[in-house]
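Reading through the structure tokens given below for one structure.
The values are calculated or read from the model by the stated rules, or taken from the named source; none is laboratory data. For clarity, every value in this text was computed on a predicted model and none was experimentally measured. Positions of Cβ are backbone-derived with ideal geometry, glycine not excepted, and every protein chain shown enters the neighbour counts. Side chains included, ligands, DNA and RNA excluded: accessible areas come from the protein's heavy atoms. Shrake-Rupley method; radii C 1.70, N 1.55, O 1.52, S 1.80 Å.
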Amino acid sequence: MNCNFSCSYCFEAGNKRKINMTEDVEDAIIRFLVKNKEKKISIIWFGGEPLLNIRTIENITKKLEMEHVNYSSSMITNGSLLNSHAIDILKKISIEFIQISMDGTKTIHDSRRYFHSGKGSFNIIISGIKRLLSETSIPITIQVAIDKTNFQEYEKLLVFFNQEFPSQMKKKRIQLNYNIVKDRTNFDTQGSCMNHQDYFDYLMRIDELKINNKRNLFLPDIASPCMYNSVGTYAITPDGEIFKCIEHVGNKNKSIGNIIKESISLERLSSCFFTANHLENSECIDCPVLPVCGGGCPLDREIDQGVNKVACSFYKTHIDKILSQMKL
């Protein structure tokens with residue numbers, strides 16, 4: 001996927017390509033969605049950086065409207081291209097919310113999320129957020145990736161946004177969430193990922209903060225299938241390749257089909273549902289947190305050959321401790 005950043009930890013790094021979606025792929029996507037227009041359709045514009053090719057987003061949106069296809073859409077962006085031209089288009093394409101990835105306040109963020117030139121992106125993102133707030137009504141979620149090297153940055157960014165955008169934070173027009181970077185699918189090449197105990201300690205740290213608009217301690221919902229083993233959920237690349245997991249995007253060995261050819265390999269598709277199935281694992285079946293874990297990440301389970309140690313949920317060892325801290 002094409003991107004204008006060179007983040008050192010990007011899981012797509014080996015699969016980035018400067019390629020834009022062709023009209024043939026656009027039309028193939030439209031045909032696929034028209035065939036399924038009676039179903040609930042949700043589109044997430046994702047990359048790489050989706051705003052590098054906002055023309056395609058605009059084209060697909062217009063074609064779906066012409067075909068009277070009802071759908072919802074959202075976007076995950078690095079926030080660096082929220083200029084006036086992009087925002088004019090975003091106002092026309094029924095975006096329900098935009099998620100912007102940030103890693104902290106200026107110094108830390110710029111050391112981790114930077115352009116190919118090495119230039120930091122923090123100030124440009126904040127300018128884009130201000131433009132988005134003043135010219136649209138689109139809700140914004142700031143997603144902060146937390147590991148051992150920036151564990152103080154969520155709270156610092158909260159303080160910054162509360163000071164910079166007080167009314168929008170109070171009204172929840174802007175919300176700040178965080179996700180914990182864990183050592184999954186052999187991802188931890190720098191020793192910075194958090195283990196289960198690190199995760200718990202971090203939750204307790206955030207729970208004790210006296211900062212407005214923070215993400216409160218919460219209990220997990222019943223697990224839903226991830227896209228890898230969900231029916232009818234796909235990632236489609238600019239060249240029309242179809243994938244069942246965003247971590248596979250760009251790796252043609254993991255493609256399950258091609259949207260232009262209107263073909264899907266049933267063998268590869270079925271393997272997404274049945275390889276290393278947690279329901280065939282006695283330890284999983286007997287585990288009290290299975291309803292909120294759902295068997296963990298299928299990719300972890302495949303790497304683990306179904307043993308399910310890496311894939312085991314944080315809640316398996318810590319849900320009792322979380323319950324003891326809940327203010328019910």
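Specify the residue with the greatest mean-square fluctuation among 101, 255, 224, computed from a Gaussian network of the chain linking alpha-carbon atoms under 10 Å apart.
224
Pull out the extension gain between residue 163 and residue 39, defined as 0.36 nm times the separation in residues minus the alpha carbon to alpha carbon distance; nm, one decimal.
Residue separation times 0.36 nm, minus the Cα-Cα distance, leaves 40.4 nm.
Of 172/210; 106/214; 18/92; 35/244, which pairs sit farther than 23 Å apart, going by alpha carbon to alpha carbon?
18/92
Mind checking which of 233, 126, 137 is farthest towards the positive end of region 124-282's charge dipole, using Cβ charges of +1 (Lys, Arg) and -1 (Asp, Glu) about the Cα centre?
Sorting the options by dipole projection puts first 137.
Just to be sure I understand, if you calculate Rg/Rh (Cα atoms, Kirkwood Rh) for this structure, which of (1) 1.10; (2) 1.03; (3) 0.95 do you get?
Of the listed options (1) 1.10; (2) 1.03; (3) 0.95, (3) comes from this structure.
Starting from the Cα of residue 39, draw a straight line to each of the lysines and keep only those under 18 Å, dropping any in the same chain fewer than 8 residues away.
63
Each label point is 7 Å from the Cα along the Cα-to-Cβ direction; what then is the distance between the points at residue 196 and residue 88, in nm?
A separation of 5.4 nm, rounded to one decimal place.
Once R0 is set to 25 Å, what does the formula 1/(1 + (r/R0)^6) return for the Cβ-Cβ distance between residue 20 and residue 136, expressed as a FRET efficiency to the nearest 0.05?
Efficiency at R0 = 25 Å is approximately 0.55.
In the chain, what percent of the accessible surface is made up of carbon and sulfur (1.4 Å probe, ligands and nucleic acids excluded)?
Taking all protein chains in place, the chain shows 52 percent carbon and sulfur surface.
What percentage of all Cα-Cα pairs in region 173-255 are separated by more than 22 Å?
When all Cα pairs of region 173-255 are counted, 52 percent exceed 22 Å.
Using the beta-carbon distance between residue 292 and residue 8 and R0 = 30 Å, what value does 1/(1 + (r/R0)^6) give for FRET efficiency, to the nearest 0.05?
Efficiency computed from Cβ-Cβ geometry: 0.40.
Provide the per residue accessible area, probe 1.4 Å, for the chain, rounded to a whole number of square angstrom.
52
Go ahead and run the numbers for FRET between residue 68 and residue 268, Cβ-Cβ distance against an R0 of 41 Å, rounding to 0.05.
With R0 = 41 Å, the Cβ-Cβ based efficiency is 0.80.
In the chain, if the dipole is taken from +1 on Lys/Arg beta carbons and -1 on Asp/Glu beta carbons about the Cα centre, which of 66, 218, 191 is farthest to the positive end?
Most positive-ward Cα: 66.
Starting from the Cα of residue 31, step 7 Å toward the Cβ, then list every residue of region 260-283 with an amide N under 13 Å from that point.
Zone members listed by number: 260-264.
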